[in-house]
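Report on the structure given below.
The values are calculated or read from the model by the stated rules, or taken from the named source; none is laboratory data. Bear in mind that the values here come from a model prediction, so they are computed numbers and not experimental data. Glycine gets a Cβ as well: all are built from the backbone with ideal geometry, and neighbour counts include every protein chain shown. Quick note on the areas: whole protein, heavy atoms, side chains included, nothing else; ligands and nucleic acids left out. Shrake-Rupley method; radii C 1.70, N 1.55, O 1.52, S 1.80 Å.
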Amino acid sequence: MSASGSPVNSRLPSLTLPKKSESELLIPFAVDDVLLNSSLIQHLTVAAKDAALLQGILMRTKEDPASSETICYAPFSLFPSPVPTKLFTQAFEVQQDFNVLVDKISMDSEFLRRALASTIEADEFTARLFDIYNQVLQEGITQPITLGINRSDYMFDKQRGQAVTLKQIEINTIAASFAGLADKVPEVHRHVMNVWGKPQEAAKIQSNEAAKGICKGIAKAWQLYGSSEAVVLFLVERVPMNIFDQRCLEMELWNRNIRVIRRQLMEIYERGSLDEEKRLHIDGYEVAIAYFRTGYSPDDYHSEECWLARLMIERSLAIKCPDIATHLVGTKKIQQELVRAGVLESYLSESPEAIERIRATFVGLYSIDKGREGDEIIAKALEDPESYVLKPQREGGGNNIFSEELKQVLLSIKDGSKRSTYILMDRIRPQAVKNYLLRSGAAVKLKECIVELGMFGVYIRNCNKMVMNVCPGYLLRTKSTEFADGGVAAGVAVLDTPYFI
Ligand code: ADP
Ligand code: MG
């Protein structure tokens with residue numbers, strides 16, 4: 001529930017906050033060195049950190065990432081950051097369209113095969129995921145129920161002389177994280193504003209029900225699986241530094257009387273099995289939902305056995321979140337193919353409005369595969385590297401290439417087959433804001449920052465029927481403009497909440 005007492009979904013479109021001119025966009029209230037003296041900042045910082053710990057905005061430490069003996073607050077901003085209401089609402093309103101689109105593409109094996117053909121040839125990781133997809137297709141899909149939990153990420157683009165617009169960075173269809181912790185940040189920001197003596201501003205801070213909404217989706221899918229003894233399996237990394245974010249979801253499910261177990265892919269290989277009906281079993285439990293919080297990066301498959309485990313899960317009757325097809329839909333290559341003329345139309349012909357809403361968030365994305373189209377865009381990017389981002393088929397932050405390095409890499413791959421492992425994207429120029437970023441061990445300084453808004457989408461399809469399609473909440477992340485790439489887990493961005501302007 002929000003400060004105004006209604007759930008996020010029904011409230012958002014009717015938000016009526018004062019419109020401000022663009023010149024006021026940077027600083028919604030006096031977040032400024034001059035107006036805020038250092039002793040006030042120090043006072044607020046101490047209060048904020050304690051509030052974050054009390055709320056459970058927690059992370060394991062780099063020094064002790066495998067245990068919860070020494071823990072710390074997860075990095076977060078001292079103040080909420082200004083976010084244009086209009087763009088937040090736009091992101092909220094397009095989320096259900098994205099859910100439908102992702103789901104429809106996941107059922108179109110011909111498109112996936114065609115769109116990923118060149119990538120598979122050049123990129124071994126995508127090829128291996130596709131191998132699993134092929135095997136599952138050949139065998140026939142065992143489980144007609146699909147659970148999707150995705151997060152569409154945006155920045156607020158401010159090209160010179162133009163209004164600020166909402167532009168999509170990417171959509172994450174596997175292991176979209178931080179709903180659990182993001183839920184708790186509004187309460188901390190309300191507290192900071194109250195301590196600062198700004199109760200009116202505190203009351204305006206938007207609540208977030210992302211974790212609750214995600215768990216509603218998992219619980220509904222679990223119910224549809226239809227076995228009260230079966231469990232929800234969280235597939236996790238060897239060293240889960242962000243365990244508390246996952247624990248928030250786990251607790252929510254336990255509170256609904258659903259048993260949760262956590263296992264690594266390796267453990268599934270060692271002790272998991274399929275019975276004659278292809279039910280997935282491990283350590284005496286039948287698995288209803290296999291929820292991936294790992295499996296998106298080559299490092300997650302540190303041995304052949306991990307690949308075999310992924311295959312076993314995909315072949316099973318468990319409801320996968322995501323299934324291998326939906327995982328593939330989240331690749332950068334598919335995102336690039338969606339921008340081509342006519343592609344959205346082929347999936348959403350019944351709703352021209354949905355096509356318009358989705359297309360409005362796109363920037364240019366380009367294939368650099370061998371051929372004239374690729375040659376032309378490479379030439380443009382070499383001439384103007386500041387206007388593009390070079391992206392490999394990787395997830396998890398810190399992989400993208402910018403500026404001078406982009407030029408160097410493009411020159412080095414221009415004449416070889418590696419070209420198809422990348423795509424090019426127009427560089428978004430986000431509006432800068434100011435905030436204090438709180439991170440364990442780091443000095444608290446006023447920084448020029450950029451914010452990235454993520455909208456969570458949750459949906460369930462049973463055969464051909466959508467039985468759930470919602471946008472339960474958001475993630476706002478803020479990072480210093482010193483960094484072009486990197487998220488919270490990478491130690492670059494911090495958790496934040498929107499302050500509507
Ligand atoms: P990943 O899958 O590794 O998270 P993303 O596509 O989300 O990759 O990009 C990671 C980061 O790189 C983003 O958080 C953003 O800071 C930056 N970035 C990505 N695409 C763009 C873009 N088109 N313009 C500007 N910055 C971008
Ligand atoms: Mg990302």
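Given N residues in the stretch 333-377, what is Rg(Cα) / (2.2 N^0.38 Å)? Mind showing how you got there, number by number?
Details: Rg = 12.2 Å, N = 45, 2.2 N^0.38 = 9.3 Å.
In units of the 2.2 N^0.38 Å rule of thumb, it is 1.30.
So what are the radius of gyration and Dmax for the Cα set of the stretch 89-182, in Å?
16.8, 55
Which percent of Cα-Cα pairs in the chain sits in each 10 Å bin, short to long?
4, 19, 30, 28, 16, 4, 0, 0
Using only the alpha-carbon atoms, what does the stretch 119-233 span along each of its principal axes? Please give whole angstrom values in decreasing order.
Cα extents, longest axis first: 63, 49, 21 Å.
Before I look further, what does the stretch 57-187 give for accessible area per residue, probe 1.4 Å, in whole square angstrom? Please report the intermediate quantities before stating the final value.
On the way: 4770 Å² over 131 residues.
Computed with neighbouring chains in place, this is 36 Å² per residue.
For the stretch 66-131, what percent of Cα pairs sit more than 21 Å apart? Could you put the intermediate results ahead of the total?
On the way: 1330 of 2145 pairs.
Percent of Cα pairs beyond 21 Å in the stretch 66-131: 62.
Cut-off under 13 Å on the C-alpha distance; same-chain residues fewer than 8 positions from residue 370 excluded. Which aspartates and glutamates are left, in chain and number order?
Correct list for residue 370: 121, 415.
If you bin every alpha carbon distance in the stretch 296-357 into 5 Å steps from zero, what whole percent lands in each bin?
Once binned at 5 Å, the Cα pair distances of the stretch 296-357 give 4, 14, 16, 18, 15, 10, 11, 8, 3, 0.
Past the 31 Å Cα-Cα mark, which pairs from 86/332; 104/204; 184/445? Before the final figure, lay out each step's value.
On the way: 86/332 27 Å; 104/204 37 Å; 184/445 23 Å.
Pairs exceeding 31 Å: 104/204.
Per-residue counts of other Cβ atoms within 10 Å, averaged by peptide: what ranking do you get for 155-164, 111-120, 464-473, 181-190, highest first? Could the numbers behind the result be given before it?
Numbers: 155-164: 14.3, 111-120: 19.1, 464-473: 17.2, 181-190: 24.9.
The packing order, highest mean first, is 181-190, 111-120, 464-473, 155-164.
Suppose the chain between residue 380 and residue 46 were pulled fully straight at 0.36 nm per residue; how much longer would it get relative to their current alpha carbon spacing?
Details: separation 334, 0.36 × 334 = 120.24 nm, distance 4.92 nm.
Length gained between residue 380 and residue 46: 115.3 nm.
Sort 356-364, 79-87, 342-350 by packing, meaning the average of other beta carbons within 10 Å per residue, with the highest value first. Before the final figure, lay out each step's value.
Values: 356-364: 15.9, 79-87: 23.0, 342-350: 13.7.
So the order, starting with the most tightly packed, is 79-87, 356-364, 342-350.
List the equivalent ellipsoid semi-axes of the stretch 109-156 in whole Å, largest first, each obtained as the square root of 5λ for an eigenvalue λ of the Cα gyration tensor.
Details: eigenvalues 99, 76, 19 Å².
Ellipsoid half-lengths, sorted descending, are 22, 19, 10 Å.
Quick one: pull the percent of accessible area on the chain belonging to carbon and sulfur, 1.4 Å probe, ligands and nucleic acids left out. Don't jump to the answer; show the numbers that get you there.
On the way: 10040 of 20530 Å².
Looking at the chain in its full context, I get 49 percent from C and S.
Within 10 Å, count the other beta carbons around each residue, average over each peptide in 239-246, 444-451, and list them highest first. Kindly include the intermediate steps, with their values, before the conclusion.
Numbers: 239-246: 19.9, 444-451: 17.6.
Ranking the peptides 239-246, 444-451 by packing returns 239-246, 444-451.
What Kirkwood radius, in Å to one decimal, follows from the Cα pairs of the stretch 167-293?
Details: mean 1/r = 0.0601 Å⁻¹.
Result for the stretch 167-293 stands at 16.6 Å.
Could you work out the mean projected area of the convex hull around the alpha carbons of the stretch 426-501, in square nanometres to one decimal? Don't skip to the end; give the middle numbers.
Details: hull surface 30.9 nm².
Seen from a random direction, the Cα hull of the stretch 426-501 projects 7.7 nm² on average.
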